[in-house]
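Have a look at the structure below, then the notes.
Derivation of every value follows stated rules applied to the coordinates shown; laboratory data play no part. Bear in mind that the values here come from a model prediction, so they are computed numbers and not experimental data. When we count neighbours, we look across all protein chains shown, and the Cβ atoms used for this are built from the backbone with ideal geometry, even at glycine.
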Amino acid sequence: MNIIITGGAGFIGNHVVRLFVNKYPQDTIINVDLLTYAGNLANLSDIEDLPNYKFIKADITDYEAMRRVMRDNAVDGIINLAAESHVDRSIKDPFVFAKTNMLGTLTLLQAAKEYWESCPEKYTGKLFYQISTDEVYGALQLSNPEGIKGLGANHCAYGPDFFLETTKYNPHSPYSASKASADHFVRSYHDTYGMPIVISNCSNNYGPYQFPEKLIPLFINNIRNRRPLPVYGKGENVRDWLFVEDHARAIDLIFHNGKVAETYNIGGFNEWKNIDLIKVLIRTVDRLLGNPEGYSDELITFVSDRPGHDVRYAIDSRKISRELGWMPSLQFEEGIEKTVRWYLDNPQWLDNVTSGEYMRYYESMYGNRDVR
Ligand code: NAD
Ligand code: TYD
């Protein structure tokens, strides 16, 4: 197969590209990425010379470019990860989110429709796979503020309910609204034109190569640089965390074995209150840096809350476990240890991606929050 993976130079994308390139040497993997601030080809330096890997710098909102890429590469499958992905940025500048996430997805759908309808076998053997987020479902109640033991060995549930594949979309941020809108277009191309599509909605990912504007890499980088750790509100919001390579394995399973027109939720049954997660993170970084226990606690700085901050996300991932046999492979403690080690072992990567433009962005985000 010839498979386009869009956004392959980003955080999740590079793990998906690496998995596919190594696992399927008979397939050609075409990474289509615009290389925005979040895309970094250095993330893929270990596989860039492999014969079944190809990189094309292009914008998914550019219809002619997408048509050309699909035709020139006789594309059979598309996995769409390209997106603007940071909620805080979407609050500052919603337009680029609508453009990339909504119009970009629509552009890809239309280019794929046109190309596949021109093929003799039409849609047979083709698939458009949209990578979505649990944030489209909105926010769950935080009705067990202390958490009660839930489904897994270490699982604490902070409320009685979970996002199911049937949960109605109810996005609150410009980011989640743009992703929800994209998902609706994807379904409409199945229902209207019969295009084979599949969608998955995953919870918060963490792991190597995540841009340090998201909670976990930002805080690791700040602890290592003795900078304040900006905790929004009281740090009581809950997220469900999954190691990024487990997400990549789920994407592989869904792409190859998922049912057309289905939705699959992906999550770790691993809910954490932000402040508890931050404490684990501080303990781990301090230990690995050889600092005394509690050394970096003083960096915790409570700042004004994110507007419209969703209180709790929690995914019910039993469908993908039941139907496709997927399970997260790592316990959270293991995943965090692996992640912190990776960032501390790769200070050059952190320094490179946080130079220049990023620092100006950081100042503009936190300059008025007494954080720097
Ligand atoms: P990211 O921001 O790290 O990477 C996005 C990539 O898309 C970058 O390489 C960027 O250069 C590229 N890109 C942006 N605009 C583009 C355009 N117009 N044309 C081509 N390429 C463009 O994002 P991520 O965290 O890796 O997320 C990937 C996907 O997974 C997104 O669709 C996101 O909504 C979804 N998702 C992310 C998470 C998470 O926790 N990070 C969880 C669930 C779902
Ligand atoms: P983030 O990594 O931005 O992911 P998302 O908003 O998509 O869930 O944030 C994770 C949680 O951490 C979220 O509840 C917001 C909170 N947060 C902070 O408290 N401080 C920060 O500096 C950041 C980036 C996030």
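What the table below lists for this structure:
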{"read-out": "Crossing angle, helix 104-118 versus the chain [Cα axis fit, 0-90 degrees, rounded to tens]", "value": "20 degrees"}
{"read-out": "Most mobile of S304, S90, S173 in a GNM of the chain (Cα contacts under 10 Å)", "value": "S304"}
{"read-out": "L324 versus R71: modelled label distance in nm, points set 7 Å from Cα along the beta carbon direction", "value": "3.2 nm"}
{"read-out": "Enclosed volume per residue, in Å³, of the convex hull spanned by Cα atoms of the chain", "value": "131 Å³"}
{"read-out": "Rounded to 5, the percent of DSSP beta bridges in the chain classed as antiparallel", "value": "10 percent"}
{"read-out": "Two-site label geometry, R341 and L19: point separation in nm, points 7 Å out along Cα→Cβ", "value": "2.1 nm"}
{"read-out": "Percent of beta bridges antiparallel (DSSP, region 31-175, rounded to nearest 5)", "value": "20 percent"}
{"read-out": "Selection of GluC sites (Glu not before Pro), region 257-306, meeting DSSP coil and at most 16 other Cβ within 10 Å", "value": "E262, E293"}
{"read-out": "Against the rule of thumb 2.2 N^0.38 Å, how large the Cα Rg of region 1-117 comes out", "value": "1.03"}
{"read-out": "Solution diffusion estimate, µm²/s, Stokes-Einstein, region 17-81, Kirkwood Rh from C-alpha pairs, 10 °C, viscosity 1.306 mPa s", "value": "126 µm²/s"}
{"read-out": "In region 84-151, the trypsin sites (Lys or Arg not before Pro) that fall in loop regions by DSSP, at most 15 other Cβ within 10 Å", "value": "K122"}
{"read-out": "Calculated FRET efficiency for the pair L164/D49, C-beta based, R₀ 41 Å, to 0.05", "value": "0.45"}
{"read-out": "Qualifying GluC sites (Glu not before Pro) for region 81-123 [loop in DSSP, other Cβ within 10 Å: at most 12]", "value": "E121"}
{"read-out": "Between 0 and 90°, nearest 10: helix 174-193 axis offset from the chain longest Cα axis", "value": "20 degrees"}
{"read-out": "Distance histogram for region 107-229 (every C-alpha pair counted, 5 angstrom bins, percent rounded to whole numbers)", "value": "2, 9, 13, 14, 14, 15, 12, 9, 6, 4, 2, 0, 0"}
{"read-out": "Modelled FRET efficiency - R0 22 Å, S355 with T301, Cβ distances, 0.05 increments", "value": "0.40"}
{"read-out": "With Cα atoms, 0 to 90° folded angle of helix 215-224 axis to the chain main axis", "value": "50 degrees"}
{"read-out": "Q26 paired with A261, simple spin-label distance in nm, labels 7 Å along Cα-to-beta-carbon", "value": "2.9 nm"}
{"read-out": "Calculated FRET efficiency for the pair N291/S118, C-beta based, R₀ 51 Å, to 0.05", "value": "0.25"}
{"read-out": "Sum of -39500 (n - 2.57) over DSSP H runs of 4+, divided by residues of the chain (222 nm, nearest 500)", "value": "-12000 deg cm²/dmol"}
{"read-out": "Kirkwood hydrodynamic radius (C-alpha pairs) into Stokes-Einstein, region 296-349, 37 °C and 0.692 mPa s, D in µm²/s", "value": "212 µm²/s"}
